[in-house]
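J.: This is the structure I have questions about; it appears just below.
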Amino acid sequence: MAEIAAPFRRETGPIAADHTISQNWDRYTDEEHARWDALFERQAKLLPGRACQDFLHAVERLTLSDSGIPDLERLSDRLERMTGWRVVAVPDLVPDDVFFDHLANRRFPAGAFIREAHEFDYIEEPDIFHDVFGHVPLLANPAYASFMEAYGRGGARAIEMGALPMLARLYWYTIEFGLIEEAGGFRLFGAGIMSSPRETRFALEDDSPNRIGFSLERVMNTEYRIDDFQQIYFVIPDFEQLLASTAIDFAPIYATFRLDNAYGPETILASDRVFHRGSQAYFSGT
Ligand code: HBI
Ligand code: FE
């Protein structure tokens with residue numbers, strides 16, 4: 001395919017049929033590497049005592065901070081020895097079916113570009129800091145690694161059944177914004193939280209959001225917001241049980257599909273295991 005540069009954040013070189021590109025690690029500027037280091041340092045200060053143990057250990061084991069932006073080939077060689085996962089570079093969001101196919105084959109697609117200085121605190125598209133710092137560490141955990149593969153395998157079927165929004169909610173409330181119970185209390189594991197310094201504090205410490213025990217069906221029927229902090233966070237007991245939840249057939253849940261009348265993110269149900277009933281004060285602007 002011809003070289004397409006214009007709509008992308010960074011010059012990509014040729015784009016393969018599976019939407020992967022060469023990372024072109026040599027072409028990051030010193031300033032871009034320094035931006036990674038600054039983002040890394042900021043989160044490294046906040047995450048001990050907040051991120052789950054497996055995440056913190058994996059950041060060390062994968063050496064995500066030795067030379068600025070990680071070289072995805074070298075990072076993949078380390079990760080592949082642990083769980084068989086590799087990280088591949090993509091220019092931007094890839095189509096759903098392509099995304100699922102990568103995950104089903106234990107390849108995590110990571111945006112190759114890094115956010116600009118003025119986007120330091122908030123960026124909508126997945127850049128390399130979100131994708132690699134946020135998502136990659138837990139792929140070193142065998143149960144989490146298998147959950148991510150199972151999610152990818154489930155994708156094609158969800159598309160066929162017109163139930164993609166339900167499957168996407170599962171991703172959102174676990175992989176992106178999930179909390180986990182540890183001996184010392186609740187900890188973070190969602191990548192969307194790990195790469196956001198403000199949400200790092202908000203998700204665990206703010207009085208506003210609800211914190212509810214994870215249930216597959218509940219999550220699949222709950223709307224989410226993409227433009228602000230979450231109004232509800234779901235707490236899993238451990239990664240083995242998250243993986244076990246994917247062993248059941250999703251089709252009966254898809255049959256209860258409620259796209260227009262799913263639960264709002266502020267809703268608490270009588271059947272919920274409520275850990276924290278949020279004030280929602282942040283969201284009502286009071
Ligand atoms: N592409 N690069 C990239 N990263 C994502 O997280 C992503 C994607 N394409 C589709 C997608 N996510 C979601 O629509 C699915 O999880 C449903
Ligand atoms: Fe993400």
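The values are calculated or read from the model by the stated rules, or taken from the named source; none is laboratory data. Keep in mind the model is a prediction, meaning the values are calculated, not measured. Don't worry about glycine lacking a Cβ; one is built from the backbone with ideal geometry, like all the others, and counts go over all protein chains shown. Only protein heavy atoms, including side chains, enter the accessible area calculation; ligands, DNA and RNA are left aside. Shrake-Rupley method; radii C 1.70, N 1.55, O 1.52, S 1.80 Å.
J.: Per residue, how many Å² of accessible area does the stretch 136-286 show with a 1.4 Å probe?
T.: Ligands and nucleic acids excluded, the figure is 41 Å² per residue.
J.: A follow-up question, please. Answer with one residue from ALA16, PHE113, LEU103: the one whose Cα lies farthest towards the positive end of the charge dipole of the stretch 1-153, charges on Cβ with Lys, Arg +1 and Asp, Glu -1.
T.: Going by the charge dipole, the pick is LEU103.
J.: With the contact rule set at Cα under 8 Å and sequence spacing of 6 or more, what percent relative contact order holds for the chain? If you can, show how the numbers build up before the last one.
T.: Details: 454 pairs, mean separation 47.2, N = 286.
The normalised contact order for the chain reaches 16 percent.
J.: So, one more: Report the chymotrypsin sites (Phe, Trp or Tyr not before Pro) located in the stretch 49-145 that are in a DSSP loop and have at most 14 other Cβ atoms inside 10 Å of their Cβ, or state none. Intermediate results must be reported in sequence, preceding the final value.
T.: Working: sites: PHE55, TRP85, PHE99, PHE100, PHE113, PHE120, TYR122, PHE129, PHE133, TYR144; in loops: TRP85, PHE113, PHE120, TYR122.
Filter output for the stretch 49-145: PHE120, TYR122.
J.: For the stretch 127-268, what mean projected area does the convex hull of the alpha carbons give, in nm²?
T.: Taking a quarter of the hull surface, the average projection is 8.6 nm².
J.: Taking springs between alpha-carbon atoms closer than 10 angstrom, which of GLU205, GLU73, GLU32 fluctuates most in the Gaussian network model of the chain?
T.: Its mean-square fluctuation being the largest, the pick is GLU205.
J.: Let me ask something else. Could you please tell me the mean projected area of the C-alpha convex hull for the stretch 50-166, averaged over all directions and given in square nanometres to one decimal?
T.: Its Cα hull, projected and averaged over all orientations, spans 7.9 nm².
J.: Roll a 1.4 angstrom probe over the protein heavy atoms and tell me the percent of accessible area of the stretch 210-286 that is carbon or sulfur.
T.: C and S atoms contribute 51 percent here.
J.: Still on this structure, I have one more. What's the carbon and sulfur percent of the stretch 50-105's accessible surface, probe 1.4 angstrom, rounded to a whole number? Present the calculation step by step, with values, prior to reporting the outcome.
T.: On the way: 1090 of 2520 Å².
Its accessible area is 43 percent carbon and sulfur atoms.
J.: Hey, another quick one. For a quick size check, give me the Cα extents of the stretch 103-188 along its three principal axes, largest first, whole Å.
T.: 41, 35, 22
J.: Equivalent ellipsoid semi-axes for the stretch 7-98, as square roots of 5 times the alpha carbon gyration tensor eigenvalues: give them largest first, rounded to whole Å.
T.: Whole-Å semi-axes of the equivalent ellipsoid: 25, 18, 13.
J.: Something else: Can you tell me how the stretch 120-170 classifies by the Cα gyration tensor, rounded, prolate or oblate, using a/c under 1.5 as the rounded cut?
T.: oblate
J.: Which one of LEU179, LEU75, LEU170 has the biggest mean-square fluctuation once the chain is modelled by GNM with Cα springs under 10 Å?
T.: Its mean-square fluctuation being the largest, the pick is LEU75.
J.: May I pose another question? Given the convex hull over the Cα atoms of the stretch 13-64, what projected area results after averaging over all orientations, in nm²?
T.: With the hull built on Cα positions only, its mean projection is 5.2 nm².
J.: Within the stretch 8-28, list the residues whose amide N lies under 11 Å from a label point set 7 Å along Cα→Cβ of ASP71.
T.: 25-26
J.: Let me ask another. Over the Cα atoms, compute the radius of gyration (one decimal) and Dmax (the largest Cα-Cα distance, rounded to a whole number) for the chain, in Å.
T.: Just the Cα atoms of the chain yield Rg and Dmax of 18.5, 56 Å.
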